[in-house]
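Novice: Structure provided below as structure tokens; questions to follow.
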Amino acid sequence: MDKIIVHGGATLAGSVRISGSKNSALPILAATLLTREPCTISRVPDLSDIHYMLTILSELGCEVERASGTVTVKAEKIRTVAPYDIVRKMRASVCILGPLLGREREAMVSLPGGCVIGDRPIDIHLKGFEALGATTLVEEGNVKMRAPNLRGTTVNLRGKFGSTVLGTDNIMMAAVLAEGTTIIDGAAEEPEVVDLANFLIKMGAQIEGAGTRRIIIEGVKELHGAKHEVIPDRIEAGTFLIAGAMAGREVTLTRTNPEHLQSLIVPLTKAGVSITSQADTVTVKSNGTCRPLHLETLPYPGFPTDMQAQVCAMLATTDGISVITENVFPHRFMHVAELKRMGANIELQGPTAIVNGVRKLSGAPVMASDLRASAALLLAGLQAEGTTEVNRVYHIDRGYESIDDKLNSLGAHIERVKA
Ligand code: EPZ
């Protein structure tokens, strides 16, 4: 397994171009199953999660072509059983359930396993599908669904941890081809849900309210092919904002969307980080100091759980006591033990991390555990004294397109060692 060696102490400066959003591209690629006609999706990031999704689509019978960041999918004749050995590798595979049910009225997909950030149930997805008239059966590790008659309905998708992003995506993708009107209450409001809805509308779907808690869908008979460019990745952008705040002099993000970053820009600015934005660029200037923060993760437009680990890394060397509460995935603190190996002073109290900033972290061999925790360890290594060796780097390659090259282009000193 590859590892990444981070030599600490570099000062970042320059500009970095943000890639297309992983969490938008994945459901949009799944949505191409909803039509027999070809769909062309551009700005698709080159990530292992995207590779897994394209493999699943091919296994289902789709013609898939990829030319750098543009993917064309033609789902003329498709199977409805997804292969376990690929689906198990990526929890987000669950978002093929909705389009398979919408298009073929049946689906069999292996249940997503849990993962290091916590249990990943799909009970709310299944509740939504059943409300649309599907029968669902979970056996032998698979979820099997049939819906001879898919009828519009009203369903609330909020669970005890708030809304569900892929759950909202799944029900929307089934409802667009159902008979009648579907109202999704408690819908996720993430920009990636809006991006999916915009793609479905280009395909001929009738959807209103995406980006609010209430989405209204008028079912149609069939959908046609469409072309779509994926929105910028707000989590990659946020990760580089934190890199700039921690180890930057002046870092500019290009081809991003400042509006999607407000839940990060506002608290960072309050803490004293200088951030300016215009059109599709955001610039972060750091004088190396910022004030401690009290944050809690919430569904969009709240502070994103996918930025929690990266902010933890920044607060580890922010003078004072910071508090971060994780409301979305209460166990998403795998990065804390590794940051403590680097000298961080962090105490966990249930879903809350109490971070007592130290002057400097020390480089150390650390273990990546999930996508965002890996990014946090990279960021910590940038600023640490000495060298940090991040193992199991495949985690980071799932969600960041060439993050080591991008950081090196800003002046970092990072080596990727093929194991
Ligand atoms: C999406 O996952 C993202 N993944 C995650 O990003 C992100 O952390 C998450 O949304 C929250 O923003 C993709 O978009 C591919 P949820 P998703 O359903 O949709 C509970 C990354 O790092 N829940 O919104 O799977 C669930 O356990 C990844 O890029 C139920 O209880 O997350 C969690 O506590 C990690 N029952 C909360 O809701 C359900 O049926 C939010 O999960 C579904 C979810």
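The values are calculated or read from the model by the stated rules, or taken from the named source; none is laboratory data. Computed from a prediction, not measured in an experiment: that's the story for all the values here. Cβ: placed from backbone, ideal geometry, glycine included. Neighbour counts: every protein chain shown. Side chains are part of the model used for accessible areas, which takes the heavy atoms of the whole protein and leaves out ligands, DNA and RNA. Shrake-Rupley method; radii C 1.70, N 1.55, O 1.52, S 1.80 Å.
Novice: Going through region 273-288 one residue at a time, which ones are loosely packed, with under 15 Cβ neighbours inside 10 Å and assigned to a loop (DSSP other than H, G, I, E, B)?
Specialist: 279, 280, 287, 288
Novice: Answer yes if at least one residue in region 334-348 is touching a residue at least 24 places away in the same chain (Cβ under 8 Å), of a type in the set (Lys, Arg) and within 29 Å of residue 233 (Cα to Cα), and no otherwise.
Specialist: Taking every residue of region 334-348 in turn, none turns out to be touching a residue at least 24 places away in the same chain (Cβ under 8 Å), of a type in the set (Lys, Arg) and within 29 Å of residue 233 (Cα to Cα).
Novice: Further question on the same structure: Give, as residue ranges, the strands (runs of 3 or more DSSP E) completely inside region 39-146 that count at least 2 residues that are closer than 30 Å to residue 159 by Cβ.
Specialist: 106-110, 135-139, 142-146
Novice: So which residues in region 165-192 are out of contact with any Cys (no Cβ under 9 Å at 6 or more places or on another chain) and either more than 15 Å from residue 125 (Cα to Cα) or among the polar types (S, T, N, Q) (or both), if there are any at all?
Specialist: The answer is 168, 176, 177, 178, 179, 180, 181, 182, 189, 190, 191, 192.
Novice: Name the single residue that is modelled with the lowest pLDDT among those in region 70-88 being under 23 Å from residue 400 (Cβ atoms) and surrounded by fewer than 18 Cβ atoms within 10 Å (Cβ to Cβ).
Specialist: Restricting to residues being under 23 Å from residue 400 (Cβ atoms) and surrounded by fewer than 18 Cβ atoms within 10 Å (Cβ to Cβ), the top hit is 86.
Novice: Restricting the search to region 1-20, which residues are among the small types (Gly, Ala, Ser), under 30 Å from residue 231 (Cα atoms) and not in a strand (DSSP E or B)?
Specialist: 19
Conditions (1) closer than 25 Å to residue 142 by Cα; (2) more than 19 Å from the chain's Cα centre (by Cα); (3) open to solvent by less than 10 Å² (accessible area, probe 1.4 Å), marked per residue:
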site	(1), (2), (3)
17	no, no, no
20	no, no, yes
27	yes, no, yes
52	yes, no, no
56	yes, no, yes
59	yes, yes, no
67	no, yes, no
92	yes, no, no
99	yes, yes, yes
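Novice: Which members of region 113-142 meet the condition of being more than 8 Å from the ligand (Cβ to nearest atom) and under 17 Å from residue 56 (Cβ atoms)?
Specialist: Scanning region 113-142 gives 113, 141, 142.
Novice: Return only the number of the condition from (1) assigned to a helix (DSSP H, G or I); (2) open to solvent by 10 Å² or more (accessible area, probe 1.4 Å); (3) among the β-branched types (Val, Ile, Thr); (4) in contact (Cβ under 8 Å) with a residue 40 or more places away in the chain that residue 220 does not satisfy.
Specialist: The number of the failed condition is (1).
Novice: While we're here: Contact list please: Cβ distance under 6 Å, first residue in region 149-163 and more than 16 Å from the ligand (Cβ to nearest atom), second residue of a type in the set (Val, Ile, Thr), pairs at least six apart or on different chains.
Specialist: 152/181; 152/182; 153/182; 154/183
Novice: Being touching a helix residue (DSSP H, G or I) at 6+ places or on another chain (Cβ under 6 Å), modelled with pLDDT under 95 and assigned to a loop (DSSP other than H, G, I, E, B), is that true of even one residue in region 356-364?
Specialist: no
Novice: Continuing with the same structure: Take residue 166 and tell me if it is assigned to a strand (DSSP E or B) and either at pLDDT below 95 or open to solvent by 10 Å² or more (accessible area, probe 1.4 Å) (or both).
Specialist: Values: assigned to a strand (DSSP E or B): no; either at pLDDT below 95 or open to solvent by 10 Å² or more (accessible area, probe 1.4 Å) (or both): yes.
So residue 166 does not fit the description; no.
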